[in-house]
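K.L.:
One structure coming up, written as structure tokens, with questions to follow.
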Amino acid sequence: MREAFVQLVSDRPSERAALARAIGFVTTCRPHAPGDTPHPGRPVFALLDLPPPALANWTRRLDRFTPAVPRIVLARGEGIKPDANTLVLPAGATRESILSRAFVLIEAATRAAEALARRLNERAKAARTLVTDLFDSAAIGGALPPQDIERGTELVLAAVSEAGISAWLAELWQHDAGLYEHTLSVAGLCASFGARIGLSRADLTRLARAGLLHDLGKSRIPKEILDKPGRLDANEMRLMKRHPEIGASLLIAEGGYDAEVIHVVRHHHERLDGTGYPDGLKGSQIADLVRIVSICDVFCALTERRAYRQPAKPAEALAIMVETRGHLDPVLLKAFTPSMLACEPFA
């Protein structure tokens, strides 16, 4: 998890400096003037001392995080209401009263963040173990129990719902990303994106499950090909391109997996213009579920840190995805873009 810090934004330089100095004795404080670029990452707490237009702007910035960032607002005028996440004080409140409330919130937010980090770490470890066991079993022709997939799917959904996609990716990407980290990253992005576009719980679960299984066929691809630090030759590429068919065949042979998920596993490398594989599907032949997983898969492939190359920044990755016309659904890609530009691990 990133360093804990307080986001302090004020248009009063002397008051900003004094508050930052006092808060700095307790935890890291990142002070900003209204027009400054915000410090990357999610603050444990925010203190906003701003006129209404600037306050609205910074509130929107904080509201992009999941879970919501606790805050104290020094209100100037009417119309600012307290809620479960916002404590409102008058702009003329004494520095001592502001700091006393701030220290209480900092302590509570820090404890909550530590507990959240522990839960996130536990879920990531459990999910990684499940995925590792699944791929190892698939590699030797073993069972692929649907109940294990459901458990892994629920772990991803719970982690992303509670901690947010940024924290999930940061937890997974503490080391160079391999096949298992990629699988869990794609599943997390599917969960986050599906929630953002308002999918029902059943559809969201199906989407996250599809993300978790999309690369199952790579369990049968030699490790030296999967981890090769350079361009694959023609024979290696031919074998690599078989992984969607292999994965779908494994699920069909196992039984108990719905047709929509199997369709994603087989077709997540198809492209709208018909240039994808393995079946050269195009346009309306490619289901919405496949289109969503394809976007998440490509974004992960471009932005994951690998031992042999630097990752693309999210804006760079998204630009590449947009420029590669005819491959990905442009409407879904447009909906996908805002939350990915705000993703913490890339800041």
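K.L.:
In the neighborhood of R95, defined by Cβ-to-Cβ distances under 14 Å, what is the net charge if each Lys or Arg adds +1 and each Asp or Glu adds -1?
P.N.:
+1
K.L.:
Now, a different point. From the alpha carbon gyration tensor of the stretch 167-215, can you work out the equivalent ellipsoid semi-axes (sqrt of 5 times each eigenvalue) and give them in Å, largest to smallest?
P.N.:
Largest first, the stretch 167-215 gives 21, 12, 6 Å.
K.L.:
With axes computed from alpha carbons, what is the tilt in degrees of helix 146-163 against the longest principal axis of the chain, rounded to the nearest 10 within 0 to 90?
P.N.:
20 degrees
K.L.:
Taking only the alpha-carbon atoms of the stretch 194-323, what semi-axes of the equivalent ellipsoid follow from 5 times the gyration tensor eigenvalues under a square root, in whole Å, largest first?
P.N.:
Values: eigenvalues 106, 81, 44 Å².
Ellipsoid half-lengths, sorted descending, are 23, 20, 15 Å.
K.L.:
Separate question: Enumerate the whole-percent occupancy of each 10 Å bin, from 0 to the last occupied one, for all C-alpha pair distances of the stretch 67-129.
P.N.:
Pairs per bin, as whole percents: 18, 37, 23, 14, 7, 1.
K.L.:
Let me ask you something else. Helix 52-63: angle to the longest alpha-carbon principal axis of the chain, degrees 0 to 90, nearest 10?
P.N.:
Compared with the principal axis, the helix lies near 40 degrees.
K.L.:
Dividing the Cα convex hull volume of the stretch 27-144 by residue count, how many Å³ per residue is that?
P.N.:
Values: hull volume 16.9 nm³, N = 118.
Expressed per residue, the convex hull around the Cα atoms of the stretch 27-144 is 143 Å³.
K.L.:
Another question about this same structure. Describe numerically, in nm with one decimal, the distance between label points set 7 Å from Cα along Cα→Cβ at T324 and at E114.
P.N.:
Going by the 7 Å Cα→Cβ label model, 4.4 nm.
K.L.:
Which percent of the accessible area of the chain is formed by carbon and sulfur heavy atoms (probe 1.4 angstrom)?
P.N.:
54 percent
K.L.:
Gain in length, E96 to D203, computed as 0.36 nm per residue apart minus the alpha-carbon separation, to one decimal in nm?
P.N.:
33.5 nm
K.L.:
How large are Rg and Dmax for the chain when calculated on the C-alpha trace, in angstrom?
P.N.:
Over the chain's Cα set, Rg and Dmax evaluate to 22.8, 72 Å.
K.L.:
Right, here's the next one. Two-decimal Rg/Rh of the stretch 113-237 from alpha-carbon positions, Kirkwood Rh?
P.N.:
1.00
K.L.:
In nm, give the distance between the simple-model label positions of N235 and V331, each being 7 Å from the Cα along the Cα-to-Cβ direction.
P.N.:
Result for the modelled spin labels: 4.6 nm.
K.L.:
How far is it, in nm, from the label point at R309 to the one at R12 when both lie 7 Å from their Cα along the line to the Cβ?
P.N.:
Taking the two extended label points, one gets 5.2 nm.
K.L.:
Using Cα centres only, tell me the gap between the stretch 111-178 and the stretch 39-73 in whole Å.
P.N.:
Here the two parts' Cα centres lie 29 Å apart.
The values are calculated or read from the model by the stated rules, or taken from the named source; none is laboratory data. Only a predicted model underlies this, so the values are computations on that prediction, with no experimental measurement involved. All Cβ positions, even for glycine, are placed from backbone atoms using ideal geometry, and neighbour counts span all protein chains on display. Surface areas here come from the heavy atoms of the whole protein model, side chains and all, with no ligands, DNA or RNA. Shrake-Rupley method; radii C 1.70, N 1.55, O 1.52, S 1.80 Å.
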